[in-house]
1. Given a 1.4 angstrom probe, I'd like the percentage of the accessible area of region 1-132 that is carbon and sulfur, rounded to a whole number.
2. Please compute the modelled spin-label separation between residue 4 and residue 107, points set 7 Å along Cα→Cβ, answer in nm with one decimal.
3. With +1 on each Lys and Arg Cβ and -1 on each Asp and Glu Cβ, how big is the dipole of the chain about its Cα centre, in debye rounded to the nearest 20?
4. Can you tell which of 61, 20, 119 lies farthest toward the positive end of the dipole of the chain, using +1 and -1 charges on the Cβ of basic and acidic side chains (Lys, Arg; Asp, Glu)?
5. Name the residue, out of 74, 170, 56, whose mean-square fluctuation peaks in a Gaussian network model built on the chain with Cα pairs under 10 Å.
6. Set Lys and Arg Cβ to +1 and Asp and Glu Cβ to -1, take the dipole of the chain about its Cα centre, and tell me which of 5, 137, 89 lies farthest positive.
7. Only four residue types carry charge here, +1 at the Cβ of Lys and Arg and -1 at the Cβ of Asp and Glu. Report the dipole size of region 82-195 about the Cα centre in Debye, rounded to the nearest 20.
8. Explain nothing, just the number: relative contact order of the chain, from Cα pairs under 8 Å at least 6 residues apart, as a whole percent.
Amino acid sequence: DPGYSFANIVPNGSFEQGFWQEKVGDYHNYDKKPIIDMRLSKEEKTNGVQSLQLEAARHIAGTYQAGIQVKAGAEYFLSFDYQSPNAEMAEYRINFDDPKETQIKETLPRKDNKWHTFSKMLRIPTGASSISLTLICFPKDEKTRIITRYDDVRLVELPAFVNWFYYVNAPKEGLTIPKEVEFKSVNFAKKSIHI
């Protein structure tokens, strides 16, 4: 569908232009003694020359990208890469600007020291026009500096796939848009299509 570019709408999703924010965010400010940090890692990355590295020993470190424009009712594909040498988990949060102030929050367990890709389909709630996407690093205790890295953050608008049909074999001749396509439902699992 030429109406969809499938472009990533997260600005600076691979952190090639630096941080999303100037300072690391404190997401559990229970006293005035945080041990949190944010830096760019050129040693560990999946896309481009660097990734985001969040660090936390006391309090919870995070950063966010706000004002990402979306369409209410539309579907989007969210994905990002995450890695850690010592964290128990990674976490992301999405806050919508709809009247209900919908939030999605998901914890991702760390299995090993390798990079992993997380992906999820999102349906934008009614009344929402933008989202805020937050990436989090949790501490383990007050001494160990926990590191969580993120890279290649992507949010892509998807077409509505209901009543779409796909030709799955490579054609021998070039295809053109047909003059007319009609279909009717024979039953739940079968459709009759006339081209």
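1. Here it works out to 49 percent.
2. For the pair residue 107/residue 4, the computed spacing is 3.4 nm.
3. Values: 26 positive and 26 negative charges, 73 e Å.
That gives a dipole near 360 debye.
4. With unit charges placed on the Cβ atoms, the residue in question is 119.
5. Residue with maximal mean-square fluctuation among 74, 170, 56: 170.
6. 89
7. Working: 18 positive and 15 negative charges, 73 e Å.
Approximately 360 debye in magnitude.
8. With pairs under 8 Å counted, the relative contact order is 26 percent.
The values are calculated or read from the model by the stated rules, or taken from the named source; none is laboratory data. Worth saying up front: this structure is predicted, and the values here are computed from it rather than measured. Ideal geometry is used to build each Cβ from the backbone, glycine not excepted, and the neighbour counts take in all protein chains shown. The accessibility values were calculated without ligands, DNA or RNA, using every heavy atom of the protein model including side chains. Shrake-Rupley method; radii C 1.70, N 1.55, O 1.52, S 1.80 Å.
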